[in-house]
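Here the structure is laid out as structure tokens; the discussion comes afterwards.
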Amino acid sequence: MATAPKENMQDQRALDGKDPETIKKQLIKKYPPKVARKRAKQIVVNKIEADGTVPEIGSNVRTVPGLISQRGCCYAGCKGVVLGPTRDIVNITHGPVGCGFYSWLTRRNQTDPESTPDGHNFMTYCFTTDMQDEEIIFGGEKKLKLAIQEAYDNFHPKAIAVFSTCPVGLIGDDVHSVCREMKAKLGINIFGFSCEGYKGVSQSAGHHIANNGIFTHVVGTDDTVRDGEYKINMLGEYNIGGDAFEIERLFELCGLTLISTFSGNSSIDKFANSHTADLNLIMCHRSINYVAEMMEKKYGVPWIKINFIGAQATAKSLRKIAAYFEDPKLIDKVEAVIAAELPEVEKAAAEIRPRTEGKRAMLFVGGSRAHHYQELFSELGMKTLSAGYEFAHRDDYEGRRVLPDIKVDADSRNIEELEIEPDPEKYNPRKSEAQVRALKDKGVDFSVYEGMMPEMETGALVIDDISHHETEKMIALFKPDIFCAGIKEKYAVQKLGVPLKQLHSYDYGGPYAGFKGAINFYKEIDRMVNSKIWGYLKAPWQQSPELAARYGTD
Ligand code: CFM
């Protein structure tokens, strides 16, 4: 190329001086043509236009059979992600024992049973119907009824939820009628989810099903108005590694009243009451935006997007909440909290940053963290070469402005969309249209999420549902200083000589949210990227030149 236009200069910074389009071709070169065409739509070179738009990315589509994906299943999204962190619902997995066992606390979602009077905490138990051949052949409804009865007799919970695994849908057990029957018999809230693992293309379908179920069966069933000022709900925060505890600490310092969290450190009574809050805060947009939308339509509770990952993002989010309530007392309090908390974070960053500055990260996680954690890395002076979600939709990448353009395919149509009307008695819009406009001018935008790509550099590679082959290629080509993903990737990546930070379970660490969490993260990343051990490891292609063709730097 004779002259390098300005964009290419940006590209060079973004991808270590390598041409992103060439890298993209290398990632898909070994695929059969049909697979390569499909993957090409999901691998995008980031480019931000003057009006803020970014290129379209293929997402929320089926993984090509044969490619090793990071994704989980619909059941995992429903039972594991959304309902799992609620301590006082007995969650019964209707299915073979493995589904229940492997979704049992592996996400490291924590809870504080002492914050509810009865102290119930069923999260430490694994409840499953343990289906055997006999149930698969003759049906499992009888066994499910017995399981519900047994759970009730032993624990006397306020609620029981039943989660369907793949075989349940295949043999046609009607979990909903079993739940209705047992609800009438036992007089407690019992509800079921048709979240068979194969539904949809990933765990994202399970989030939607969980949101529908929780909204239908629980939200709005208790109108008690609790004491306290500035009532908020926290949506899409699951208390992994204690994140919610740190966020709750900050809310308390600021004088905000947390009505309910969906669903970290939560209890069912709080969900029931959540429609009495004045504002919904969305942390993880992908997993819970449905609840926020439905709550707004039915009860008039507006939502704003916030992010408590990153010290600056935390301060910004707290200020946004204070601005919403338009009370100088709260605004001052929030400023005082930020002023008291930030110096310690800045001190830690200043100490660590000389050792992390300029190092390069790649993040391939779920449906929101691959975006949020870029904040923490940039606070350490690190850059994100490439990032992507496992199962997010276009709006999480490109921003909600693209929602009207998203084509609904057969897999998405499979998941029920609830028709929500304003509640004749309980609907109460919290702000007038004039107030909404005025707040918008102050930077409090309602129902807006800009997505990951507008915040990434031009020239960075955005890869949806990255395959294992592409992961190996990216590592061979770039040897990043840290790779963020999950347990399935961890040891494969580390054997290639690159440290892997689990951003799902946080390995054994956390919290990483809020101010104290930021400090924890800085220390952890410093330790990982500066450990000498990685220099002693040789990747397979470095030891055996014949493998170079396979992993390739071609
Ligand atoms: Fe939301 Fe999550 Fe995530 Fe998610 Fe998940 Fe998770 Fe995740 Mo693992 S709800 S989308 S389905 S932030 S379990 S707490 S870490 S993939 S990025």
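Structure data summary
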item	result
Using θ = phi - 60° and Karplus 6.51 cos²θ - 1.76 cosθ + 1.60, couplings along the range 62-78 (whole Hz; Gly, Pro as x)	4, 6, 5, x, x, 7, 7, 9, 8, 5, x, 10, 4, 4, 4, x, 7
For residue 176, net neighbour charge (Lys/Arg +1, Asp/Glu -1) across residues whose Cβ lies under 14 Å away	-3
Distance from the range 218-275 to the range 286-329 (C-alpha centre basis), Å	12
In sequence order, calculated HN-Hα J values of the range 418-434 (Karplus, 6.51, -1.76, 1.60; Hz; x Gly/Pro)	6, 8, 10, 10, x, 5, x, 9, 9, 5, 8, x, 6, 9, 7, 4, 5
The chain, relative contact order [Cα under 8 Å, separation at least 6], %	19
Ranked by how many other beta carbons lie within 10 Å on average, peptides 33-39, 280-286, 82-88 from highest	280-286, 82-88, 33-39
222 nm mean residue ellipticity, helices alone, for the chain (DSSP H n ≥ 4; -39,500 (n - 2.57); rounded to 500)	-13000 deg cm²/dmol
Rel. contact order, % - alpha carbon contacts under 8 angstrom, at least six apart, the range 146-224	29
Three-way shape label, the range 1-160, alpha-carbon gyration tensor, a/c 1.5	prolate
Sites residue 112 and residue 29, calculated FRET efficiency, Cβ-Cβ separation with R0 60 Å, nearest 0.05	0.75
Most to least packed among 259-270, 155-166, 185-196 [average Cβ atoms within 10 Å]	259-270, 155-166, 185-196
Farthest positive-ward along the range 432-554 dipole, Cα basis, beta-carbon charges - from 483, 534, 500	534
Other-chain or far-sequence residues with amide H under 5 Å of residue 200's (modelled H)	none
Cα-based Lys proximity count in the range 229-373, under 18 Å, for pairs eight or more positions apart or on separate chains	14
Partnerless Cys - the chain, beta-carbon criterion under 4.7 Å	73, 74, 99, 126, 166, 179, 254, 284, 484
Protection proxy ranking of 58-71, 450-463 - average other beta-carbon atoms within 10 Å, highest first	450-463, 58-71
3J(HN,Hα) from dihedral phi, the range 508-521, Karplus parametrisation 6.51/-1.76/1.60, rounded to Hz, x for glycine, proline	10, x, x, x, 10, 7, x, 6, 5, x, 4, 4, 4, 5
Electrostatic dipole magnitude of the chain [Cβ: Lys, Arg +1; Asp, Glu -1; Cα centre; debye, to 20]	1780
Local electrostatic count, residue 451, Cβ distance below 9 Å [Lys/Arg +1, Asp/Glu -1]	-2
Alpha carbon centroid spacing (whole Å) that separates the range 122-140 from the range 503-533	38
Relative contact order for the range 454-554, counting Cα pairs under 8 Å that sit 6 or more residues apart, in percent	26
The chain shape via C-alpha gyration tensor axes, a/c threshold 1.5	oblate
Solvent-accessible area per residue for the chain (1.4 angstrom probe, square angstrom)	42
Pairs of lysines in the range 371-520 (C-alpha under 13 Å apart; 8 or more residues apart or interchain)	4
Around residue 251: net Lys/Arg minus Asp/Glu count, Cβ-Cβ under 12 Å	-2
Segment residue 548-residue 253, extension gain: residue separation times 0.36 nm, minus the distance between their alpha carbons	100.7 nm
Sulfur and carbon atoms: percent of accessible area, the chain [1.4 Å]	54
Sequence-distant residues sharing a close amide H with residue 92 (under 5 Å, placed H)	161, 162, 163
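The values are calculated or read from the model by the stated rules, or taken from the named source; none is laboratory data. Computed from a predicted model, the values in this text were never measured in an experiment. Quick reminder, even Gly has a Cβ in these numbers, built from the backbone with ideal geometry, and neighbours come from all protein chains shown. With ligands, DNA and RNA removed, areas are computed over all heavy atoms of the protein, side chains included. Shrake-Rupley method; radii C 1.70, N 1.55, O 1.52, S 1.80 Å.
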